[in-house]
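Here, each number is a calculation from the coordinates, and none is a lab measurement. Not measured: the values here are computed from a predicted model. Using ideal geometry, Cβ is built from the backbone for each residue, glycine included, and neighbour counts are taken over all protein chains shown.
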Amino acid sequence: MAPSPHALVLDADNTLWNTNAVFKRAGAQMMRALAGDAAGEEVGADAPSRKEDAPSREEGASEPEKHRDHADLLFRLSQHLPPAEEEETSADAGLVQLARAAAFYTLAPPPSAPEASRAEAAADRSATGSGSAADRIRWAAQQAESGRQPPGVAPAHLHEAATAFRSALETAPPLLDGARGLLDAVRTWRDARPDRRASVLFSEGEPDRLRVAFRAYRIGDGRYFDDIVLDEKSPRTYRQVCQRIATITAGSSSPPSGIVVVGDSLKRDIRPANAVGCTTVYCPGDLWGRETPAEPEERPDHVVDHIDEVPSLFGLSTTPD
């Protein structure tokens, strides 16, 4: 059994709840809307359910490309797109651009397109290597960023696809197996000695989206956490979290090793917490899968297969220590 901690810092997305499932559903909604438009069908969040994967008109497209996970595809596309300008009048401007890029990736020029247009598109793909999904993603993002319109998809329907995506994000993500038990254990452990124990939720997630989960699981009312930190994760911000913990516990001193950080990403959770000297617990999630440390700095102190193993790992006791 590991030494009992002074404080617990928990990640939120894909550690406590399955955010990936929500993004998968949102991605499917966007792709269904785009596919429905291309086929002349009803589009939007309330459109009848269709095949999970949008059909590709790309002749000879490989099976991995046809069945690429929607959430993964949209995430990768977003990495090549610039953030929406703050002065944009539409709140969904970034999502419209993402929908445009997804349409370029998925849909080839229709057979009725002029020969010159089809030749131009073929040349574009040839220049980036159409056989590579990564290259094609870059190509699709470039087309969207340049303002070009994808074949067979009306601009109005790009907005509907964006709306379908955002509507799906308003659904609360399901708690992961064991998360409720962990939250209850943390609450009991902390409440036994509030003067010496603290619990913090630390997330990089988008605040509006996180609030959906907070409302669903009563996260923001102090029931489970003394503090909620929404910020980019880095050694600097982890040091700030450690300072906030000292304030919560009325200056009770404890080395960083007495602060346990639990997360699902070696790069985003484990590495920066290790840099500060915290004790780290890696719980692989559905989004990243089981990762292998690329460097010693990413090696966690502990690895658990399920989040509900954390209380027993540290012997979270309800008795004063």
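Going by a ≥ b ≥ c, the root eigenvalues of the Cα gyration tensor, does the range 166-245 fall in the rounded group (a/c under 1.5), the prolate group (a/b larger than b/c) or the oblate group?
Values: a/c = 2.34, a/b = 1.24, b/c = 1.88.
Taking the square roots of the gyration eigenvalues as a ≥ b ≥ c, the range 166-245 is oblate.
Quick check on the range 224-321: take the gyration tensor over C-alpha atoms, sort the square-rooted eigenvalues as a ≥ b ≥ c, and tell me if it's rounded (a/c under 1.5), prolate or oblate. Provide the component values of the computation, followed by the final result.
Working: a/c = 1.82, a/b = 1.28, b/c = 1.42.
Oblate shape, in that a/c is at least 1.5 and b/c is the bigger or equal ratio.
Find how many whole Å separate the alpha carbon centroid of the range 154-175 from the alpha carbon centroid of the range 266-280.
Cα centroid to Cα centroid, the span is 34 Å.
Taking +1 at the Cβ of each Lys and Arg and -1 at the Cβ of each Asp and Glu, which of Gly315, Ser203, Ile228 sits farthest along the dipole of the range 190-321 towards its positive end, judged by Cα position relative to the Cα centre?
Value: Ile228.
Classify the range 149-288: rounded, prolate or oblate, from the alpha-carbon gyration tensor (a ≥ b ≥ c, eigenvalue square roots; a/c under 1.5 rounded; otherwise prolate if a/b is larger than b/c)?
On the way: a/c = 2.52, a/b = 1.92, b/c = 1.32.
It comes out prolate by the Cα gyration axes.
Please report Cys242, Cys283 as a ranked list, fewest other C-beta atoms within 10 angstrom at the top and most at the bottom. Intermediate results must be reported in sequence, preceding the final value.
Values: Cys242 22, Cys283 27.
By the 10 Å Cβ count, ascending: Cys242, Cys283.
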